[in-house]
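Have a look at the structure below before the remarks.
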There are 2 protein chains.
Amino acid sequence: MNDGIAASSLDSALLHTLRAVLGGRLSTSDADRVQHGRDESWHPPRPPDAVARVQSTEEVQAVVRACAAFRTPVIAYGTGTSIEGHVGAVHGGVCVDVSGMSAVLAVRPEDLDATVQPGVTRKQLNAHLRDLGLFFAVDPGADASLGGMAATRASGTNAVRYGTMRETVVNLGVVLADGSFIRTGSRARKSSAGYDLTRLFVGSEGTLGVITEVTVRLFGIPEAVLGAICPFPSIGQAVATVIEAIQCGLPLARIELLDGNAIRAVNAHSGLANEVAPTLFLEFHGSDRGVEEQAEAFKAIAVGNSAGTMRWSRDHVERNRLWQARHDIHYAVWAQRAGGRVWSTDVCVPIGALAECLAETEADMADAPFFAALVGHVGDGNFHWGFVLDPENPAEVAEAERLTERMVLRAIRLGGTSTGEHGIGYGKRKYMAAEHGDAVGVMRTIKAALDPLGIMNPGKILPD
Amino acid sequence: MNDGIAASSLDSALLHTLRAVLGGRLSTSDADRVQHGRDESWHPPRPPDAVARVQSTEEVQAVVRACAAFRTPVIAYGTGTSIEGHVGAVHGGVCVDVSGMSAVLAVRPEDLDATVQPGVTRKQLNAHLRDLGLFFAVDPGADASLGGMAATRASGTNAVRYGTMRETVVNLGVVLADGSFIRTGSRARKSSAGYDLTRLFVGSEGTLGVITEVTVRLFGIPEAVLGAICPFPSIGQAVATVIEAIQCGLPLARIELLDGNAIRAVNAHSGLANEVAPTLFLEFHGSDRGVEEQAEAFKAIAVGNSAGTMRWSRDHVERNRLWQARHDIHYAVWAQRAGGRVWSTDVCVPIGALAECLAETEADMADAPFFAALVGHVGDGNFHWGFVLDPENPAEVAEAERLTERMVLRAIRLGGTSTGEHGIGYGKRKYMAAEHGDAVGVMRTIKAALDPLGIMNPGKILPD
């Protein structure tokens, strides 16, 4: 079978070298190549020439060295849950699949940190931690790998309280473009000892090196968790509630906005009966008395913004069911159209600009020729629109492009960013200049210095 | 007068160019040069050849361009409160004094951020913010400039709750080594749009560019603040209290340890009568009920570790007096010896290693031939020793070197860093390889790429 996929075109000497390292864990099958050339986005597959299922840092080093000798691209792959085409082999090359590197290397409850291999997923780590009363807080919805989450600077529903991967990664082990291995920092919570290489590699999307070890902060599971679902007559009133809550310093652990379409999709996908209206999902973490006090303060703000009937719950099972529905939003939206693909895009703006940015964007979306739903980590000023479209239909793709571009340029105009947590991949490279101006030149200089051959996930982040 | 200071040796054509830009704000006087060539450390002055008192980003650009044309070093200077020789002109050159760039450019209460020129000090910004109910949280003791604090990745007493400059800086305006100007990011709270240039420049100590604009996060002044002073029979029992409090998730806003010598110095300097014993200074921020609840939890832990009589206070004036004493520790220690200089050095370790690291270091210090005092931001695993020595006495300097080296290598062995918040300057370059291994090469590559002429604060951070 071929299905129009170009044949693998690796140099046979390179193939020979890689086989010597990996044996049967090197694959050039079309099925493997197609599977590893696409993420969960609408972007068409860009299959690599080969898939290297690595099991150790040393194997990653050997693969990178071999690829460097042949000037062949190296693309790291975790769970394939990215959504801006990060894993597409736009210039061919070797996909380094780290999903087999899935060992939790160390958990240090006394230091509140853990070190894992890059293929460990967030659910796997949390299952591992549960008996210790600790948890890993970054929570992007998908059960992504920690290596991938570090590489895309992922965040999610807990970021407003616990931070994103930027704050959560303590240090990284990275295989560089020449095959050498470094650790980007110590395990101290803070340091002034030289350049912050940890933060440089977090969010670098595999363009500066392959992450093979991740040390992350952990948190104690809070004594009490109080969750709520709170519908509003309009998106504007929901957003006004969030802004007031943030500005008066309420320690929200999670605060998520879903519009009516998103609620509709979630209800259908998860068999729920939430009122179809703009809705905030929220959670307070703390002591028993603390969460009660926070809830009272929140209710007052919400009622002042015409909130409907709020449903509060301390029950673990009930809360988890609701959050699972929230987390399945990508798949729920996807299910709205048989054969469609999800076009999911996000921006992030200063909190004071959120109402304006959302209102203008909402107006834009009213006439979209496809299903469109809003989901926002609104406590951070971050929101997503998901479209379900037919990627073979040029008119739909063009309209999605147009709506995305308007939203992105609006966010940048309001002091925000083209993506809060999805990353650039190849989908958003075109906005880098609008957002960063001459700073793109600095990024290019760094890329050229650390990857002089241009083999690390080429065609991503930086515009041509 | 000359006092053994080498004459300024700038190329006369460069001098002419700089005079054309700055007029009388360019100085080559010995007094100016000596003043700008030393910080608050024991390091001997390393005077620059000239001092450029700049007033705008454009002037910084002009100075950097002129210096680049003459391959002349550029050293940024804020308040001179660094303590690892950061401002010393070890290879001569032009000191760019940004203290005159002291405008608060924008405060955006709705976004909880502010943009300032680099010479704005933390006290100046907080005075500016007070009527808005907001504050800037990073608090290194000295009334440092925000540009300098960003450049050294400063932190201080509030970091355990509010973060260091790493988390607090939203974005920077930077003049690069070629005189061009960039902004390192948007004002969004989070972003996945490309390399994290903000974090790369935070902590770069002027070696990659000159910071000319700083945007920082602000926080709401908490409804209630409850502070306490809590003596212990031993450092070990004080540290055990901190570790238990951190590990059980108590939201400490500040938790500082002073040993008996530090208390003695503070009492003498500020006319206080604190019990001379290892003592924790702490603070809880939150709601009225919240801080009470936290205080109860803390008391239980402290009593379990044999705490002495705790003094609790909600009174603003009383608390401020105590914290001012704590903040004056550098000067209090300094005052212990007429004509001496303070050798202040810090390390930071994972919290679980703090007790061991402190105990071994304390034992080392018992026989120090000079006054030595301990002050720690122990909630972060960060602590400082301050010595007062005669920098002209080689035996004292050698002993301070030996004690520092033992402490630094101990911290690194325990998974920590050679400096939690003081920075590398030229004082700690010798430990970079021990801490970072091959990652020093990556730092060198970045430095060479962004400053190919090597003119930006040369001789700092990276070992020769």
Distances in nm from B:ASP464 to the matching label points in the other copies, shortest first (labels 7 Å along Cα to Cβ): 4.8
Average silhouette area of the range B:87-204, convex hull of alpha-carbon atoms, in square nanometres: 8.4
Other protein chain Cβ atoms within 10 Å, averaged over every residue that makes up B:411-420: 5
Rel. contact order, % - alpha carbon contacts under 8 angstrom, at least six apart, chain A: 15
Computed over the range A:104-220: relative contact order in percent, which uses C-alpha pairs under 8 Å that are six or more apart: 32
Net length gained if the chain between A:ARG25 and A:ASP131 were fully extended (0.36 nm per residue, minus Cα distance): 34.7 nm
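With a 10 Å Cβ neighbour count serving as the proxy for reagent exposure, in which order, fewest first, do A:PHE298, A:PHE181, B:PHE370 appear?
Starting with the residue having the fewest Cβ neighbours, the order is B:PHE370, A:PHE181, A:PHE298.
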Cα gyration tensor of the range B:337-433 - equivalent ellipsoid semi-axes, whole Å, descending: 22, 14, 12
3J(HN,Hα) from dihedral phi, the range A:25-33, Karplus parametrisation 6.51/-1.76/1.60, rounded to Hz, x for glycine, proline: 7, 9, 10, 10, 5, 4, 4, 4, 5
Peptide A:432-445, shielding by other chains (average Cβ, 10 Å cutoff): 5
Degrees separating the helix B:57-69 axis from the principal Cα axis of chain B, which is the longest one: 60
Acute angle (nearest 10 degrees) that the helix A:260-270 long axis makes with the longest principal axis of chain A, alpha-carbon atoms: 70
Nm distances between copies for B:PRO44, ranked from closest, using label points 7 Å along Cα→Cβ: 7.0
Derived scalar couplings ³J(HN,Hα) [the range B:452-464; Karplus, 6.51 cos²θ - 1.76 cosθ + 1.60; whole Hz; x for Gly, Pro]: x, 8, x, 9, 8, 6, x, x, 10, 6, 7, x, 5
Set of aspartates and glutamates near B:LYS299 by C-alpha distance (under 13 Å), chain-local residues within fewer than 8 positions excluded: B:GLU244, B:GLU283
Exposure proxy ranking, count of Cβ atoms within 10 Å, fewest first, for B:THR168, B:THR72: B:THR72, B:THR168
Rel. contact order, % - alpha carbon contacts under 8 angstrom, at least six apart, the range A:224-330: 45
For A:GLY100, inter-copy label distances in nm, listed shortest first [label point 7 Å out on the Cα-Cβ vector]: 6.5
Debye-sum result for chain A in log10 I(q)/I(0), which assumes one identical scatterer on each alpha carbon, at q = 0.11 Å⁻¹: -0.89
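Using the structure shown, select from B:LYS123/B:LYS430; A:LYS460/B:LYS460; A:LYS190/B:LYS428 the pairs with a Cα to Cα distance greater than 25 angstrom.
Among B:LYS123/B:LYS430; A:LYS460/B:LYS460; A:LYS190/B:LYS428, the Cα-Cα distance tops 25 Å for B:LYS123/B:LYS430; A:LYS460/B:LYS460.
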Efficiency of FRET from Cβ geometry, A:ALA433 and B:ALA273, R₀ 60 Å, rounded to 0.05: 0.45
Amide H within-cut-off set for A:PHE371, under 5 Å, with H built and near neighbours excluded: A:VAL388
Crossing angle, helix A:12-22 versus chain A [Cα axis fit, 0-90 degrees, rounded to tens]: 60
Helix-only [θ]222 nm of chain A, DSSP H runs n ≥ 4, -39500 (n - 2.57) each, per residue, nearest 500: -10500 deg cm²/dmol
Ranked A:SER191, A:SER234, criterion: other C-beta atoms within 10 Å, fewest first: A:SER234, A:SER191
Rounded to whole Hz, the Karplus (6.51, -1.76, 1.60) HN-Hα couplings of the range B:212-223, x for glycine and proline: 10, 7, 9, 10, 10, 6, 10, 10, x, 5, x, 4
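Loop sites only, by DSSP: take the GluC sites (Glu not before Pro) in chain A that have at most 16 other C-beta atoms within 10 Å and name the longest stretch containing none of them. Walk me through the intermediate numbers first.
Details: sites that count: A:GLU110, A:GLU223, A:GLU275, A:GLU392.
Excluding the exposed sites themselves, the longest stretch runs over A:276-391.
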Rg to Rh, two decimals, where the protein assembly as shown supplies the alpha carbon set and Rh follows Kirkwood: 0.97
Residues with amide H under 5 Å from that of B:VAL96, placed H, sequence gap 5 or more: B:ALA52, B:ILE75, B:ALA76, B:TYR77
Per-residue average of Cβ from other chains inside 10 Å of A:106-113: 5
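Since every read-out is calculated from the coordinates, none of them should be taken as a lab result. Here the structure is a predicted model, which is why all the values come from computation and not from measurement. Please note: Cβ atoms are built from the backbone with ideal geometry, for glycine as well, and neighbour counts cover all protein chains shown.
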